[in-house]
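In what follows, a single structure is set out as structure tokens and then discussed.
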Amino acid sequence: MPNLDVKTAPVVDADGHVNENRVDWVERLGPDFADVAPRFLNGLHLLVEGQVLPRSQDLLGPTNDPRPKVHKSDKYWSNRPGQRDPDARLRDMDEEGIDVAFLFGTYISLTGMGGIKNPRLAAALARSYNDWLHDEFCSADPARLKAVAVLPLQDPEAAVAEIGRVAAKGVLGVHTLPQIQRTPLHDPSFDRVWAAAQDADVPMSVHIVNSYGSMGDLFPTFGQKHAFVPVDMMAAVTSFTAGGLLERFPRLKVAFFEAGVGWLPWLAARLDQHVQLLPDDFPARTRLPSEWLSSDRVFFGVEPDDPFMASAIAAYGEERFLYSSDYSHFDCECPETVEELFENEDLSPTAREKVAGANAATFFGLGALAPLARPTVAS
């Protein structure tokens, strides 16, 4: 195998993670929310509004469950200090060969925001979290660390205001969950949010996982629950394609993260069939769902160990997929994800470079980007 030099292409991690479980959210939210603000119980669960999140039927199971025992090689990172310390994160990015990282949360922006019911609390927590991530964490190196702001869809008007507020700060992307407490994203109550993102030219990201997931209550263990989290993302993709969002908001861009890509052809074929057989059951449309998935407004995060990456690229185009490290959750393969991507001989050299960074630069509006970190991947 020939040497593949990461220096030849910028690397943009479109989906890395921070961990908010050592931030005092009670203090940050202040006296107005002192009784309901998120408190960490054991590093895995939150107490919010008097409820424990995730709920026992959601991803992590009951509060008295032991931490899941993960069997993977010691060479792979998990729960690294760089999830909490930006300087440590930058060192890890240098080792991995990542030039720029777009950052999502773990417990606050995903689990917490998915379970909060009080719209005022959701709006206040989103503002506080976004300020912490952008103003504090990412300020260690704003050229390399990029916040993806969370939106409080419990209050669509507050979400609209938050889009304007973070866009004014220079934040390049916002995100939400695949569904909001069993309300799908194409529900008309959210239309003002998609309109605001479109008007501000801010790309929308949809990221798993959240409380009130679609399948968690069917299974008793973390591993069984976690295997089915992509089901929620199938619902989100349906909302944007067959649900009409991409048609109603013709300048909106969307990316779907951390759900794999192997299910895309099946879902596209099934949606196409149902739209054609039962057109009255779907909103007005100008394209079939499968056609939307190949459009220049739809992107998917893909981790380099995904066995379906090459076939998905062949089906939907090499411009549609964004390298995602998933740093440093239990199932990621850091520090070898960049190496794995550039050594994937099922992809053309052009596809590797596009997935590694060019596509993310397009989606997030980074513009021209030169490599910053310069490791060389050995053969």
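Against the test of being at pLDDT 95 or above and either within 20 Å of Ala236 (Cβ to Cβ) or of a type outside the set (Lys, Arg) (or both), the options Phe330, Phe321 yield a single qualifying residue, Phe321. The single condition among (1) modelled with pLDDT under 95; (2) small (Gly, Ala, Ser); (3) closer than 17 Å to Ala196 by Cβ that Ala126 does not meet is (1).
Per-residue answers, yes or no, for (1) among the aliphatic types (A, V, I, L, M); (2) out of contact with any Lys or Arg (no Cβ under 8 Å at 6 or more places or on another chain); (3) closer than 15 Å to Pro178 by Cα:
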residue	(1), (2), (3)
Ala200	yes, yes, no
Ile208	yes, yes, yes
Met215	yes, no, yes
Phe222	no, yes, no
Met234	yes, yes, yes
Val237	yes, yes, yes
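Among the criteria (1) under 23 Å from the mean Cα position of the chain (by Cα); (2) at pLDDT 80 or above; (3) at negative phi, the one Asn79 does not fulfil is (3).
Among the residues of segment 143-162, just one is β-branched (Val, Ile, Thr) and over 20 Å from Asp15 (Cβ atoms), namely Val160. Is segment 308-320 home to any residue that is within 16 Å of the chain's Cα centre (by Cα) and of a type in the set (Gly, Ala, Ser)? Looking for residues that are within 16 Å of the chain's Cα centre (by Cα) and of a type in the set (Gly, Ala, Ser), one finds none in segment 308-320, hence no. Selection of segment 214-227 for residues being touching a Phe, Trp or Tyr at 6+ places or on another chain (Cβ under 8 Å) and closer than 17 Å to Gly114 by Cα yields Ser214, Met215, Gly216, Lys225. Scanning segment 225-244 for residues that are under 15 Å from Pro54 (Cα atoms) and part of a helix (DSSP H, G or I) yields Lys225, His226.
Of all residues in segment 366-377, none satisfies being in contact with a helix residue (DSSP H, G or I) (Cβ under 9 Å, 6 or more places away or on another chain), at pLDDT 95 or above, of a type in the set (A, V, I, L, M) and under 27 Å from Lys75 (Cα atoms). Quick one: would you say Asp306 is touching a residue at least 60 places away in the same chain (Cβ under 8 Å) and either on the phi < 0 side of the Ramachandran plot or among the charged types (D, E, K, R) (or both)? The answer is no for Asp306. Within segment 302-313, the presence of a residue that is closer than 23 Å to Ala361 by Cα, part of a strand (DSSP E or B) and touching an Asp or Glu at 6+ places or on another chain (Cβ under 6 Å) is excluded. Would you check which residues across segment 177-203 are aromatic (Phe, Trp, Tyr) and touching a residue at least 40 places away in the same chain (Cβ under 8 Å) and list them? Result: Trp194, single match. The requirement of being surrounded by fewer than 19 Cβ atoms within 10 Å (Cβ to Cβ) and at positive phi is satisfied by Gly317. Could you go through segment 281-301 and let me know if any residue there is assigned to a loop (DSSP other than H, G, I, E, B), modelled with pLDDT of 95 or more, surrounded by fewer than 23 Cβ atoms within 10 Å (Cβ to Cβ) and among the aromatic types (Phe, Trp, Tyr). Taking every residue of segment 281-301 in turn, none turns out to be assigned to a loop (DSSP other than H, G, I, E, B), modelled with pLDDT of 95 or more, surrounded by fewer than 23 Cβ atoms within 10 Å (Cβ to Cβ) and among the aromatic types (Phe, Trp, Tyr). For segment 180-210, the set of residues classified as at pLDDT below 95 and either surrounded by 24 or more Cβ atoms within 10 Å (Cβ to Cβ) or within 17 Å of His134 (Cβ to Cβ) (or both) consists of Val209, Asn210, listed by residue number. Of everything in segment 230-246 that is touching a residue at least 24 places away in the same chain (Cβ under 8 Å) and out of contact with any helix residue (DSSP H, G or I) (no Cβ under 8 Å at 6 or more places or on another chain), the residue that is farthest from Asp199 (Cα to Cα) is Pro230.
The set of residues in segment 308-353 that are under 22 Å from Asp92 (Cα atoms) and basic (Lys, Arg) contains only Arg352.
Against the condition aliphatic (A, V, I, L, M), buried (at least 20 other Cβ atoms within 10 Å of the Cβ) and over 18 Å from Ala312 (Cα atoms), how does Val355 come out, does it pass? Spelling it out, it is not the case that Val355 is aliphatic (A, V, I, L, M), buried (at least 20 other Cβ atoms within 10 Å of the Cβ) and over 18 Å from Ala312 (Cα atoms). Cβ-Cβ distances below 6 Å connect the following pairs, each with a first residue in segment 271-289 that is more than 15 Å from His186 (Cβ to Cβ), a second residue that is part of a helix (DSSP H, G or I) and of a type in the set (Asp, Glu), and a separation of six or more residues or different chains: Thr286/Glu247; Leu288/Asp272.
The values are calculated or read from the model by the stated rules, or taken from the named source; none is laboratory data. A quick note: this is a predicted structure, and the numbers were derived from the prediction, not measured. Methodologically, a virtual Cβ is constructed for each residue, glycine included, from the backbone with ideal geometry; neighbour enumeration extends over all protein chains shown.
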